[in-house]
Amino acid sequence: LEGLVGMPRLAGIDPPVQRRRIIEVVNALDEPAREAADPLEIEDVLKRAAIENLRAQNFCNKSHAAPVLRRLSVLMGRDSGAFDKKNVTIEHMLPKNPEKNRHWWSAFLSKSDVKAHVNRLGNLTFLTPTDNQLAANKEWPEKRRILQNSAFVLSQEVGRSAEDWNRDAIAARTEALIAMLLRDWELED
């Protein structure tokens, strides 16, 4: 049911259409015989749109970014709690504005290259506000230690697994996180 409700939101479907869909799902749960178009089935077009939004260059700016990260945390074994900015913040592992003369510029060759990757799902995690400020624009080895010692499973996982942080790491983590969601929603290809 979570996929049935969450997928239209991820796909960017208009709220009135989302409400109508939820009503169809609730009604279908009450009806023993289903019509030809099963309201409990997630259509391929909806799935493709949701995946496209999960892969979006501006994923962090979408209203569903924090709930998706929270769901991923749950799937990894520990709920992060509500995103409230007092206890839980979104950390960009590739900083939004890397300082000049830093290693980041060897992995990301221009401001537009940074912009193309900084807000992607694979570049995001949760940290406490204190840890987020501590991590700031630090180089990856320093930031990685902060992530490893974080209270958030999403951060611990990436801190343990990623030796380096670059375009390929962001792309691979984006796809791995999407696959995790699709498995949970039983929507694997």
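The values are calculated or read from the model by the stated rules, or taken from the named source; none is laboratory data. Remember, predicted model here, so these are calculated numbers, not experimental data. We place every Cβ from the backbone using ideal geometry, glycine too, and count neighbours over all the protein chains shown. These accessible areas exclude ligands, DNA and RNA; they are computed on the full protein's heavy atoms, side chains included. Shrake-Rupley method; radii C 1.70, N 1.55, O 1.52, S 1.80 Å.
Summary of values
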quantity: Phi-based couplings in Hz for the stretch 134-143 (Karplus 6.51, -1.76, 1.60; Gly and Pro marked x); calculated: 5, 6, 5, 9, 4, 5, 4, x, 5, 5
quantity: The chain - accessible surface per residue (Å², probe 1.4 Å); calculated: 55 Å²
quantity: Local electrostatic count, Thr174, Cβ distance below 11 Å [Lys/Arg +1, Asp/Glu -1]; calculated: +2
quantity: By average C-beta atoms within 10 angstrom, highest first, the peptides 136-142, 80-86, 102-108; calculated: 102-108, 136-142, 80-86
quantity: From phi via Karplus (6.51, -1.76, 1.60), per-residue ³J(HN,Hα) for the stretch 75-91 in Hz, x at Gly/Pro; calculated: 5, 7, x, 8, 5, 6, x, 5, 6, 10, 6, 8, 10, 9, 10, 8, 9
quantity: Among Ala49, Ser161, Gln148 - extreme Cα towards positive end, dipole of the chain, charges at beta-carbon; calculated: Gln148
quantity: Percent accessible area from carbon and sulfur atoms, the stretch 61-110, protein chains only, probe 1.4 Å; calculated: 48 percent
quantity: Cut-off 9 Å between beta-carbons: net charge of the residues surrounding Ser155, Lys and Arg +1, Asp and Glu -1; calculated: -3
quantity: Within the chain: Cβ-based charge dipole about Cα centre, in debye rounded to nearest 20 (Lys, Arg +1; Asp, Glu -1); calculated: 1080 debye
quantity: The stretch 151-173 and the stretch 62-89: distance between their alpha carbon centers, rounded to Å; calculated: 16 Å
quantity: Identified option (computed percent of Cα pairs over 30 Å apart; candidates (1) 35; (2) 25; (3) 13); calculated: (2)
quantity: Cut-off under 5 Å, modelled amide H: who pairs with Ser80 long-range; calculated: Val74
quantity: Whole-Hz couplings from phi, Karplus 6.51/-1.76/1.60, listed for the stretch 101-107; x for Gly and Pro; calculated: 6, 10, 4, 3, 6, 7, 8
